[in-house]
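The block underneath contains the structure these notes are about, expressed in structure tokens.
The values are calculated or read from the model by the stated rules, or taken from the named source; none is laboratory data. If you're wondering where the values come from, they're calculated on a predicted model, not measured in any experiment. Don't worry about glycine lacking a Cβ; one is built from the backbone with ideal geometry, like all the others, and counts go over all protein chains shown.
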Ligand SMILES: [Zn+2]
């Protein structure tokens, strides 16, 4: 991607040298529909991603007392951005079919540049391999179209009830076929073993999504709602734009009310059922926590570029779950006097920087986003309560970690999710992981670590980071060799 940026800058320079007649051509306006979803200062960020995937999705959401069904059609403009690797297939992931999601998704009528193709589905029904009628050379694009149907039955409650229809709340993340990631040397990412943690690995993309749904349903989605159409049949069509996002999530409930604030130009919304737990009083406190977190992370790591950030109360059995531009918080802790409420809001907000903006393979390198989100909670506390508060956060992680390894084996933090048994995943990634950053702060100074994270964020915003990228980025920032420290904490690192 670094090269792509250079090409764009090169193209800009060329334009300036061209005669006036050439420059007077129709301006390229492909970015126009997405602009409302970005803060004005970040609209130009789209230019470097003209070849990122572009989804145009139509969804019709039908809800009965027993199930919710999405009938959809999507068009995806996909450009081969590999370094000179021709592609014969393109892979989509059907996440609702994962055992951990508990839904059902079917795809039909797949075409590539208008030609019908017959995709293959793996044994888990979650990997859809689309054969291309012609090899897609590096730099070339193909338009893929498909119909899909996604169903979730009421009461299905798998893993974190991440994908569910419970108590009238529809949690529908990844409800459309999501492009997988092509990794040079490894091919298309196809991990299906998902015992715990987050399931999704995807690239920054552009979304224009129309969702037709019953008028009484309050929808919350990634990106910004840019328009709404009243259909006269009891439904509304909501039009969303979500640029530079690596996923598009949708939640809905007829009982949601909204509390809204603003921080650094970002509209922050809390959607909640006022009848659940501490309802509005918790939401008021939660909004302030969310605004503080956005302010602190904007200052500490770099700016959140989107116009909107939504927090949504759902019955997930996880404390919270992060999606681009959208965070769910479990209704179980919707109470400001529960310290976990603030912790979840602040941790999940940090994921907008670590996971959403800087992406990673959440199944192979869960520490890259989770351990940093945990350390970010300590950064939030440092800002609000100073050094002593920060030390308290680190001591908390330390005691949790030490209690665990008093009984169970210690492990490196850099392993894939499947290499941790049961609670070891939580204790290694969430309790030991942030101590890696605390160790860096102890050695090089807290301010130096913040600078290091700013540099890392600036370099990998909208991109994907792998362990070797962190190592290289941190070493460059600090001007120090960190190989030994990384190997001690994270594990074996790529040579470089
Ligand atoms: Zn997390």
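A quick yes/no check of all residues on (1) farther than 23 Å from residue 418 by Cβ; (2) in contact with a strand residue (DSSP E or B) (Cβ under 9 Å, 6 or more places away or on another chain):
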residue	(1), (2)
369	no, yes
374	no, no
387	yes, no
396	yes, no
401	no, no
- Message: With the requirement that a residue be buried (at least 21 other Cβ atoms within 10 Å of the Cβ), over 17 Å from the mean Cα position of the chain (by Cα) and in a helix (DSSP H, G or I), what does the range 294-330 give you?
- Response: 296
- Consider only pairs whose beta carbons are under 6 Å apart and that are at least six residues apart or on different chains; among these, list those whose first residue lies in the range 264-291 and is on the phi > 0 side of the Ramachandran plot and whose second residue is surrounded by fewer than 19 Cβ atoms within 10 Å (Cβ to Cβ) and not in a loop (DSSP other than H, G, I, E, B). 264/298
- Counting only residues that are closer than 16 Å to residue 433 by Cβ and surrounded by 24 or more Cβ atoms within 10 Å (Cβ to Cβ), the range 379-396 contains a total of 1
- Message: Condition first: more than 16 Å from residue 272 (Cβ to Cβ) and within 12 Å of the ligand (Cβ to nearest atom). Now tell me which residues in the range 303-346 satisfy that.
- Response: 318, 322, 323, 343, 346
- Message: Based on this model, can you work out whether residue 131 counts as outside the structural domain of residue 208 (by TED's automatic domain parsing) and either over 22 Å from the mean Cα position of the chain (by Cα) or loosely packed, with under 15 Cβ neighbours inside 10 Å (or both)?
- Response: no
- Item | Lone unmet requirement of (1) touching a strand residue (DSSP E or B) at 6+ places or on another chain (Cβ under 7 Å); (2) touching a residue at least 40 places away in the same chain (Cβ under 8 Å) for residue 238 | (2)
- Message: I'd like to know if the range 247-257 contains one or more residues that are within 25 Å of the chain's Cα centre (by Cα), surrounded by fewer than 17 Cβ atoms within 10 Å (Cβ to Cβ) and assigned to a strand (DSSP E or B).
- Response: yes
- Only unsatisfied item for residue 185, checking (1) free of Cβ contacts under 8 Å to residues at least 12 places away in the same chain; (2) closer than 30 Å to residue 253 by Cβ, is (2)
- Checking 111, 126, 79 in turn, the sole residue that is in the same structural domain as residue 194 (by TED's automatic domain parsing), surrounded by 14 or more Cβ atoms within 10 Å (Cβ to Cβ) and under 20 Å from the mean Cα position of the chain (by Cα) turns out to be 126
- Members of the range 82-108 found to be loosely packed, with under 14 Cβ neighbours inside 10 Å and either under 20 Å from the mean Cα position of the chain (by Cα) or farther than 22 Å from residue 248 by Cα (or both), listed by number: 83, 84, 86, 88
- Query: Can you find a residue in the range 381-399 that is under 24 Å from the mean Cα position of the chain (by Cα) and under 21 Å from residue 349 (Cα atoms)?
  - Reply: yes
- Task: Exactly one condition in (1) more than 15 Å from the ligand (Cβ to nearest atom); (2) at pLDDT 95 or above is not met by residue 368; state its number.
- Result: (1)
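Going by what's in this entry, would residue 219 be described as buried (at least 23 other Cβ atoms within 10 Å of the Cβ), more than 19 Å from residue 42 (Cα to Cα) and within 24 Å of the chain's Cα centre (by Cα)? Steps first, please.
Values: buried (at least 23 other Cβ atoms within 10 Å of the Cβ): no; more than 19 Å from residue 42 (Cα to Cα): yes; within 24 Å of the chain's Cα centre (by Cα): yes.
The answer is no for residue 219.
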